[in-house]
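Below is one structure, written out as structure tokens; comments come after it.
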Amino acid sequence: MSFQEKTLQCSDCGATFTFSAEEQELFQSRGYTNEPKRCPSCREARKAERYGSTGTGYRSRRQMFPATCAECGKETKVPFQPREGRPVYCSECYGKLTSSGR
Ligand SMILES: [Zn+2]
Ligand SMILES: [Zn+2]
């Protein structure tokens with residue numbers, strides 16, 4: 001069976017790219033049954049993202065979000081996405097509030 005070059009559309013950026021006969025052969029030899037969904041440049045970008053090229057987030061499992069403490073106004077980081085209308089406290093104030101509040 002021979003492969004024919006195909007033109008596919010990238011699901012990320014919408015650009016068309018060529019899925020060459022060689023690549024199709026390579027895909028099949030590796031047991032991949034799906035056609036690539038992304039163009040080569042988007043694939044590269046995804047790979048870079050996965051390996052944490054930005055340097056952060058690879059070792060720390062928890063994602064931290066920047067927030068401003070509602071009590072003292074200090075900048076802090078919280079392990080959840082701060083929501084509007086919900087006060088966020090730094091660890092100091094949070095400790096104070098929870099210990100004195102009850
Ligand atoms: Zn793309
Ligand atoms: Zn605070």
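Would you mind listing how long segment 62-102 runs along its three principal axes, going by Cα atoms, in whole Å with the largest first?
Result for segment 62-102: principal-axis Cα extents of 28, 21, 16 Å.
At 4 °C and a viscosity of 1.567 mPa s, what translational diffusion coefficient does Stokes-Einstein give for the chain, taking Rh as the Kirkwood radius over Cα pairs? Give it in µm²/s as a whole number. Show your work: numbers first, answer last.
Details: Rh = 18.1 Å.
Answer from the Stokes-Einstein relation: 72 µm²/s.
How do Thr16, Thr98, Thr33, Thr76 stack up against each other in accessible area, from largest to smallest, with a 1.4 angstrom probe?
Numbers: Thr16 100, Thr98 70, Thr33 130, Thr76 25 Å².
Heavy-atom accessible area, descending, gives Thr33, Thr16, Thr98, Thr76.
Give the calculated FRET efficiency between Leu8 and Gln63 to the nearest 0.05, with a Förster radius of 41 Å applied to their Cβ-Cβ distance.
Working: r = 33 Å, r/R0 = 0.80.
Working from the Cβ atoms, E equals 0.80.
Tell me the accessible surface of Phe80 in square angstrom (1.4 angstrom probe, heavy atoms of protein chains only), to the nearest ten.
110 Å²
Which of Pro79, Ala15, Ala45 sits closest to the plus end of the dipole of the chain, meaning its Cα is farthest towards the positive end, when Lys and Arg get +1 and Asp and Glu get -1 on the C-beta?
Pro79
Once you put a point 7 Å from the Cα of Leu97 and another 7 Å from the Cα of Thr33, both along the Cβ direction, what distance in nm separates them?
5.3 nm
Using protein chains only and a probe of 1.4 angstrom, how many square angstrom of Ser99 are accessible, to the nearest 10?
Rounded to the nearest 10, the figure is 80 Å².
Can you count the Lys pairs in the chain whose Cα atoms are under 19 Å apart, with each pair 8 or more apart or on different chains? Show your work: numbers first, answer last.
Numbers: Lys6/Lys37; Lys37/Lys47; Lys74/Lys96; Lys77/Lys96.
So the count works out to 4.
The values are calculated or read from the model by the stated rules, or taken from the named source; none is laboratory data. The shown structure was predicted, so the numbers you read here are calculated from the model rather than taken from an experiment. We place every Cβ from the backbone using ideal geometry, glycine too, and count neighbours over all the protein chains shown. Ligands, DNA and RNA are excluded from the accessible area calculation, which covers all protein heavy atoms including side chains. Shrake-Rupley method; radii C 1.70, N 1.55, O 1.52, S 1.80 Å.
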